[in-house]
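Notes follow the structure.
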Amino acid sequence: MMKRTVCLCLCAFLAVLPVCGCRYRGDARAEIENELESARAENEAKIQAAEELSEPGKTPADSEETEEIAGAEGNAGAGQDAVTPEKHGPITDWDGITSSNYTLIGDRYYYTVQALKTMPAKGGGYTTTGVHVYVYTDLAQGGMQFVCPDPLCSHDNPDVCPFTAGGQSPCFCPAEDGLFYLGQFGGNAKIVKADLNKGTTQTVYTGRTAMVGILGSENSVVYLLDFDSVTDKNTRTTQTTYHLLALDIQTDEIRFDRIVPEGSWIVEIRSGRILCSTVKELIEYDMDFENPKTVFSFEGTDRIGDWYYDENRDEFWFNVLNQDDNSGHIFRILPDRTCEQVPVPADAVYCFQLTNTKIYYTPFAPTYISDNPYSYYGTVDYTNGKIYAVDRDNPEGEPKLVYDCAGKSYLRKDYVIFGDDLFYGLVKLELCTDFATGKEFYTFSTAGDYPKVHVNLATGEEEIFRFE
Amino acid sequence: MAEFKKTDAADAMDALIASAMPYIKNRELEEYEAADPSVVPAKKTVPARETREDRPLPLFFRELSKFRTRFNLVLLAVLFLANLAVAAVETGSYWQNSGEVRDAVTTLLDQYENDRAAYDASAEDYEERRQALFYGRGEFENRLIDVPGYGDSALFRDVEPITERSRNYGRDIRRVVDSAVRRASDPDVEKGSYVYEYQAQLILHYRPLQDTEIPAEGQFGWNEYFSMRVPTILLALASLAVFSGVWLGEKRSRIVNVLRVSKRGSAPLILSKLAASALVSVCLTLLFTLSPLAVIAVTRGFSPLSMPVQALSAFEFCPYALTVGQFLALTVSVQVALFLLFDLLVVFLGQLLDHELPVYGILLVLLTAGYWLSGRQTDSPLYGLRSFNFIDLAAGDFLFGRYRALNLGGRLVGLIPALIALGLVAFALLAGLPFAVGLRADSYRTFSFRLPVRMKSQKRAEKAIRFRAHSLSVFGYEMSQSMFLPVFLGLTLVALGAKTFVSDAYFKPYEGSYWEVYTGYMAELRGPVTEEKIRTIEDEERYVSQCFADYDRAQAAYRDGDMELEEFREISERRNYADLVQRPLERIRERLDYLTDPAVAEKYDNLEFLDETAVMRLFRQPLDYIFLVLLTILLSDLFIREYRTGFKSILHTAKNGTSKTWGSKWGAAFIGTVIIWFLFAGVDFCEVCRTSDTTIFSAGLLSIPDMRETGLNMTVGQYLVRFELVRLFGSLALCAAVAGLSALTHRLSAQFAAVFAVVFIPSLLSTLGADRFESVSIAELLAPKNVSGSVGALFGWGAVAILLVAVSAWTWGKSKVRFR
């Protein structure tokens, strides 16, 4: 009898214990739910404020109304701080502008940083390996966030973190059904689909080689570029065939696989048209690579530099540059497929960025630094660290110097500007030795971990985002 | 259950057992007889004044006492000592000076706490000395502590993470919480989705920790203790050996069906066995997991148990506010629970199957599957199941190192609640199934693979009769029994098939354009370095740079209309070719530079261009576990079967039963080993020949840059012969070890345990990264990294082999059969 009573008491205690625990946890959980609800409301208010601000005719200066809306929708007090349109300016200035130079999804600018891992080597000493990791900066909130949704993940091991990149450049594409990106887990390149709600990743396409490109997405299709090649040893020639693949994001199957015309590479696919570049010209095809139409012809050793497609005005902007004679110009292809030069106040343009209201550009200003056995032109600073801006509607107007490195660091053509936010890859000059000749030379070094400099152009504040 | 109640028929059965008792002298039955006096009421009468010794033990204690066999005690002692030895080896690098090390660490940390400027100066001084060493500007001199195995580098390596965590722990946790808040409040993340719930759980678990103070105090012993994985491996091996035999004793003595009908032979017996097994399991787990603490207490000492567990580097993100002591209790509890389930599974499989081998097989498959699962990459559909692998779970700390959750179709389930639920279900099944199986009438024939008599054809039976042992010589008979038994032949064929499959995958040539081009170049250049070949390479290099230059010019010409499309296309294709071959050509250039390097070319002969990929794979081949397991199975029964069948006593008195039989057995074993080695080496050699150019065997070994460390001036073929001879010697040493132990152990279970301890454990440990075991592992001979470096292992294993052969002769000559 005694035994039975003890057993019963023990069972009752064990049964009540989890209930107490759940209750305690339940209270804490409710608090967190409330907090997250408030934070979510703040974020939504921010987005709404940004949308209000992006309406035609609105400027950051007359955004009082927006703040009131945000304050009303967010929690008391919190919403007031949340709306910071002054910091970022008109954050939708790049809406409808697509480019291969950067990956911008919503307000998030995606890029990669490199995680460096130093471990003891088997034979003694240490070995360092680098892993490129996908990260983003939310332009409304600032800071750097890992795409991997697990705050406890170390992000430096491809075996554990699925959001490690196959290469230095981010290759991202948003679609209704998830986020597609280029991942690589050894061997051939893989296109991975991530569901950021479910926290799952799935390989949807494996390439023929170690490299596959994501060209963009449209109408439930993600366009991929894959290639294969045939080599003739006798003639010492290699025929490379590029394939344009359409991946159906609903079924994860390849809808079509078309061979890209020889000697061409795809620049842009939009609205049933494919814009290709050859060494000689820019050609527009339909989706079957039929009905070619030349829209621009290159001269000499000119080559295409940066390009942007403006969905709002159906214009394609690009610059051509020639490093032999340090020349460069900006052009645009108008909706009627005519092409015209954009006359910015510079003799030669090295690189540029297009937004809805501005053209940011850097004049060709080469400064020779040293020979470089790995670079035909040597180590050259082409930008002189300066970025200018002109109004898009008045490109010949007075240019405004928006940024000057002033010798603090070197600026390459990888910079992007979103409102008041400038991002560029941090490089330093590094003294190296050519093992073949024993000669010393300088080269630009990415500091090993490919850090990204973020500059607030309004305040001049700088911060460096790197893997920590 | 009603039919199993004590009935008149059962009483009659007890009487029958009692009458049969004089003829069944079986230890197990005696034990049950003693444990259950009512089984034989007709024979025994209880004396009026029973002494304490005469009183029968309760069934539970009787079952418990069965674990106290000599085999179990010896095995556990060996594994336990191995456990202590591994702990000592892993942590004992400066045990004589552990006090000084503790003082140095404490002093430096005190300096950090009380005099930051002095600490910074010490750190700066150390960094300067380190940099000087790094850039070759001088010798590194220990200034703060200099004892064998521990210096300033080790001191700062220990202290810096402590100070860093003490400073930054709160910041790191706040980062986690902020990141979780940010992610969960993202309007793109659906409320209730896995990601949302995961972030909410992180906030729930980590926010209370963000104000936790991590003291800058020395951490001694705990990091080393919690990172040890060897105790769990040894414990799993001990569990396999100890618990697989819980039912097999009764089954071998064919008494289980008799027990079934006795009063306490069914449910009470099963309950007693399970309870005893559970108790032993708990004790064993505690013994193996806690014993390293005693060693580490001597070699390193421990920091206080009251320290927050987050102070330890591996548990910075432990989601619970625990002290090290509480964490230790928790991890050990998890290990106890997990090994209880594992051991009950072993017991159950032992009850279900007829032999230890299938039990070992099933569990080894399960453990291997767990290991395989732990290696799944993030794009694998099985990635989510990684958390369920036994290897990680058995470590105990896996569950508490950080917050973990399962993603079930986009819904979050905490890993710990899921494991508790699964553990309870598994416990209920493992505790219930033995009753379900044990109470079934035909329970012990369930997994018998013997064919019914009626299915054996007359013809086959005649054949079997015609095959008579006496028609063979002693040696021939031993050969037929050792190696050419149909079951062994079948096993060998299966192993050979598996080996072929594995080798085919292992020697598969690299894929991709880079390797295609490189092998093409090597095929073209194959042979000694000649002026013509040097010119070919230089011509190719010129062609590549010309292609790049031509392309730049052609681009301009084509654009300007000075070049036709056809010509431009040809130049583009040449440039594509240059792009493709550029990197392989650089590798060829490196090889040319190496082969023409005077330091190599003047010292070594026959330096040639060759593609060594396949042959290097052979030389760098990991230990062949298929070969190892096959030889162990084939040879383990060599001497034991004579003891097991009782034939040893007959042989002992027979004319040819001692030295001739002994010699024949060894002869058969060695010849069988050589044949199997020949088959396995043949598979590898065929793969090398299939995937490589065979003319490379005549080239100088030093044509391969990776073989430079050997310093041997011989051909690749000669090195291959030497390599294979070392492997053959290793195979014969393995044969001597397995067969020799077979002569010593007399029982299969002891034999397997001994082979595990002597052969497998060092190999496994060296595979798992315990480098110190490489030199004593047979892997040094079966898969030598460098034949010149295997001399120690050759002598060591040679001596062991000779010793075991000699000891087997002595044992075989003197030993008698012990009837069981």
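A few points about this structure:
- Qualifying residues in region B:396-424 (those that are buried (at least 20 other Cβ atoms within 10 Å of the Cβ) and within 22 Å of A:Asp156 (Cβ to Cβ)) - the one farthest from the other protein chains (Cβ to nearest Cβ): B:Asp397
- Test: residue in region B:601-610 that is within 11 Å of chain A (Cβ to nearest Cβ) and within 52 Å of the chain's Cα centre (by Cα): no
- The set of residues in region A:193-220 that are hydrophobic (A, V, I, L, M, F, W, C), within 24 Å of A:Met287 (Cα to Cα) and under 20 Å from the mean Cα position of the chain (by Cα) comprises A:Met211, A:Val212, A:Ile214, A:Leu215.
- When the test is whether a residue is part of a helix (DSSP H, G or I), within 10 Å of another protein chain (Cβ to nearest Cβ) and out of contact with any Ser or Thr (no Cβ under 7 Å at 6 or more places or on another chain), B:Ala578 passes it.
- Residue, nearest to the other protein chains (Cβ to nearest Cβ), within region B:184-215, restricted to residues that are buried (at least 18 other Cβ atoms within 10 Å of the Cβ) and over 40 Å from the mean Cα position of the chain (by Cα): B:Ser185
- When region A:240-268 is filtered for residues that are part of a loop (DSSP other than H, G, I, E, B), free of Cβ contacts under 8 Å to residues at least 60 places away in the same chain and away from chain B (no Cβ under 13 Å), the ones remaining, listed by number, are A:Thr251, A:Asp252, A:Val260.
- A residue that is in contact with a Phe, Trp or Tyr (Cβ under 8 Å, 6 or more places away or on another chain), in contact (Cβ under 8 Å) with a residue 60 or more places away in the chain and under 27 Å from B:Glu564 (Cα atoms) can be found somewhere in region A:285-306.
- If the condition is being assigned to a strand (DSSP E or B) and away from every other protein chain (no Cβ under 11 Å), then region A:192-225 contributes A:Tyr205, A:Gly213, A:Ile214, A:Leu215, A:Gly216, A:Ser217, A:Glu218, A:Val221, A:Val222, A:Tyr223, A:Leu224, A:Leu225.
- Which numbered condition B:Val544 fails, given (1) within 12 Å of chain A (Cβ to nearest Cβ); (2) modelled with pLDDT under 85: (2)
- Any hit, region B:288-296, residues being farther than 21 Å from B:Asp172 by Cα, β-branched (Val, Ile, Thr) and surrounded by fewer than 20 Cβ atoms within 10 Å (Cβ to Cβ): no
- Inclusion of B:Val347 among residues that are out of contact with any Asp or Glu (no Cβ under 6 Å at 6 or more places or on another chain), more than 30 Å from B:Val309 (Cβ to Cβ) and at pLDDT 80 or above is warranted.
- Residue within region B:227-249 that is more than 30 Å from B:Leu133 (Cβ to Cβ) and out of contact with any helix residue (DSSP H, G or I) (no Cβ under 9 Å at 6 or more places or on another chain) present: no
- If you go through region B:235-245 and pick out every residue that is under 16 Å from B:Leu73 (Cβ atoms) and modelled with pLDDT under 85, you end up with 3.
- Set B:Thr378, B:Thr323, B:Thr368: member being away from chain A (no Cβ under 14 Å), under 30 Å from A:Thr200 (Cβ atoms) and either surrounded by fewer than 16 Cβ atoms within 10 Å (Cβ to Cβ) or without any contact (Cβ under 8 Å) to a residue 40 or more places away in the chain (or both): B:Thr368
- Of the residues screened, B:Arg171 is one that is of a type outside the set (Asp, Glu) and within 14 Å of chain A (Cβ to nearest Cβ).
- Out of A:Gly305, A:Gly300, A:Gly272, one residue alone is crowded, with 17+ Cβ neighbours inside 10 Å and among the small types (Gly, Ala, Ser). It is A:Gly305.
Yes/no per residue for (1) touching a Cys at 6+ places or on another chain (Cβ under 9 Å); (2) surrounded by 15 or more Cβ atoms within 10 Å (Cβ to Cβ); (3) farther than 22 Å from B:Asp550 by Cα:
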| residue | (1), (2), (3) |
| --- | --- |
| A:Glu281 | no, yes, no |
| A:Lys293 | no, no, yes |
| A:Phe318 | no, yes, yes |
| A:Pro335 | no, no, yes |
| A:Pro343 | no, no, yes |
| A:Ala346 | no, yes, yes |
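- Unique residue being under 30 Å from B:Ala276 (Cβ atoms) and more than 14 Å from chain A (Cβ to nearest Cβ) when the list is B:Val242, B:Val147: B:Val242
So that you can scan it fast, the table gives a plain yes or no per residue for (1) basic (Lys, Arg); (2) part of a helix (DSSP H, G or I); (3) touching a Leu at 6+ places or on another chain (Cβ under 6 Å):
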residue: B:Phe678; (1), (2), (3): no, yes, no
residue: B:Gly682; (1), (2), (3): no, yes, no
residue: B:Glu687; (1), (2), (3): no, yes, no
residue: B:Arg690; (1), (2), (3): yes, yes, no
residue: B:Phe697; (1), (2), (3): no, yes, no
residue: B:Leu702; (1), (2), (3): no, yes, no
residue: B:Leu712; (1), (2), (3): no, no, yes
residue: B:Leu720; (1), (2), (3): no, yes, no
residue: B:Leu732; (1), (2), (3): no, yes, no
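- Within region B:91-109, being modelled with pLDDT of 80 or more and touching a Lys or Arg at 6+ places or on another chain (Cβ under 9 Å) holds for B:Thr91, B:Ser98, B:Val101, B:Arg102.
- Region A:178-190, subset out of contact with any Pro (no Cβ under 7 Å at 6 or more places or on another chain) and closer than 20 Å to A:Phe146 by Cβ, residue nearest to the other protein chains (Cβ to nearest Cβ): A:Lys190
- Filter result (of a type in the set (A, V, I, L, M, F, W, C) and in a loop (DSSP other than H, G, I, E, B)) within region A:400-418: A:Cys405, A:Ala406, A:Leu411
- Count of residues meeting criterion [away from chain B (no Cβ under 14 Å) and either closer than 19 Å to A:Ser217 by Cβ or in a loop (DSSP other than H, G, I, E, B) (or both)] in region A:269-284: 8
Yes/no matrix, rows are residues, columns are (1) crowded, with 20+ Cβ neighbours inside 10 Å; (2) within 18 Å of A:Leu457 (Cβ to Cβ); (3) in contact (Cβ under 8 Å) with a residue 12 or more places away in the chain; (4) within 18 Å of the chain's Cα centre (by Cα):
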| position | (1), (2), (3), (4) |
| --- | --- |
| A:Tyr382 | yes, no, yes, no |
| A:Tyr388 | yes, yes, yes, no |
| A:Leu401 | no, yes, yes, no |
| A:Ser409 | no, yes, yes, no |
| A:Asp414 | no, yes, yes, yes |
| A:Ile417 | yes, yes, yes, yes |
| A:Gly425 | yes, yes, yes, yes |
| A:Leu429 | no, no, yes, no |
| A:Thr433 | no, no, no, no |
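- Among the residues of region A:435-460, just one is among the acidic types (Asp, Glu) and in contact (Cβ under 8 Å) with a residue 60 or more places away in the chain, namely A:Asp449.
The values are calculated or read from the model by the stated rules, or taken from the named source; none is laboratory data. In this text, all values refer to a predicted model and were calculated from it rather than measured experimentally. Note: ideal-geometry Cβ built from the backbone for every residue, glycine included; neighbour counts use all protein chains shown.
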